[in-house]
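Read through the structure below, which is laid out as structure tokens, and then see the notes.
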């Protein structure tokens, strides 16, 4: 498989770079673009309707192309709901019913803020659906306080994907070192009408799974972009910081640390391109995704560790941008899941491939 981003990746990335500069805390810590303005700009740019996860639209940009936006989003460390909205829209399109398609259209037009509440075992959360009632908590849900409604994937006596008004859920902030907008969304015996259930059984599971797989690729693209920006910051510091009669960048130990950042970032890019290519080609992406998640989680840790080694104590100062990457990296580590889970998925996927199961 050719390890390449999509055909229009570079063009989309160029536009995204100028947009996300406006949102970047690396440029201005006081940047606080109103949420409604973010949604409006993304809708105007067409970014809320990028890609067709069903593959029905041959003219739709590939996942490898869409990644260009998210590389630049990661490079700027821009905090936006773009990935959450993209994931919810993907899941709705994959369900394919008339009602789900209408929800996807409203998300794409910036008319509705529908946030996915897909519980993750790595976060220790679960939502069950039994006898038309939702129970449980989805953890680390981004921008839940801004949601009009949630797209909930629940399991139990039956798997469902349902759209639930945000007023029916209990939303609690989850304070974190990265100051990410994370929330616990709890459903305390919330009744769900039949017409709010968009998919059931295998159809529900598949829609949530594929939407999450695509989201993981775009999240890995963010890690890649963050690694590139952190490499630039660290190399510049190594050139400007003088000690023992010259720039610290002349020492091999410092050069090795900068190289570690570059290697971690580019390996993440390679795995993300591989996973995106598999998804776009309709190949079973699970082994590629497992390897990508494992590498991206490792890279998120490695890039900040190496950067802090070069910057030493100043990297922890509020005035330094390095510590901003530390908080984002910790969130990414959790999102990609444990190494044990990813290893198990890789082994399972390879077993299916080689046994033809």
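Values as computed for the structure displayed
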{"item": "Computed over the stretch 203-355: relative contact order in percent, which uses C-alpha pairs under 8 Å that are six or more apart", "result": "27"}
{"item": "Which of 216, 52 has the fewest Cβ neighbours within 10 Å, and the rest in rising order", "result": "52, 216"}
{"item": "Pair residue 56, residue 281: separation of 7 Å Cα→Cβ label points (nm)", "result": "2.6"}
{"item": "Listed residues 293, 135, 75, most fluctuating in the chain (Gaussian network, C-alpha, under 10 Å)", "result": "135"}
{"item": "Burial ordering of 7, 309, fewest other beta-carbon atoms within 10 Å first", "result": "7, 309"}
{"item": "Percentage relative contact order, the chain, counting C-alpha pairs under 8 Å, at least six apart", "result": "16"}
{"item": "Over the chain: helical MRE at 222 nm, DSSP H runs n ≥ 4 each giving -39500 (n - 2.57), nearest 500", "result": "-18000 deg cm²/dmol"}
{"item": "Residue 22 paired with residue 318, simple spin-label distance in nm, labels 7 Å along Cα-to-beta-carbon", "result": "2.8"}
{"item": "Residues in the stretch 151-169 that a label on residue 130 would reach, taking backbone N under 14 Å of a point 7 Å out along Cα→Cβ", "result": "155-159"}
{"item": "Normalised contact order of the stretch 1-102, rounded percent, pairs of Cα under 8 Å and 6 or more residues apart", "result": "39"}
{"item": "Cα centroid of the stretch 302-334 to Cα centroid of the stretch 136-183, whole Å", "result": "28"}
{"item": "Near-label residues of the stretch 131-158 by backbone N, under 19 Å of a point 7 Å along Cα→Cβ of residue 194", "result": "131-134, 157-158"}
{"item": "Max mean-square fluctuation residue, GNM over the chain, Cα-Cα springs under 10 Å, options 226, 299, 167", "result": "167"}
{"item": "Most fluctuating residue given options 213, 239, 49, as computed from a GNM of the chain linking Cα atoms under 10 Å", "result": "239"}
{"item": "Residue order, fewest to most beta carbons within 10 Å, for 292, 177, 73, 182", "result": "177, 182, 73, 292"}
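Since every read-out is calculated from the coordinates, none of them should be taken as a lab result. In this text, all values refer to a predicted model and were calculated from it rather than measured experimentally. A quick note on method: Cβ atoms are made from the backbone with ideal geometry, for glycine too, and the neighbour counts reach across all protein chains shown.
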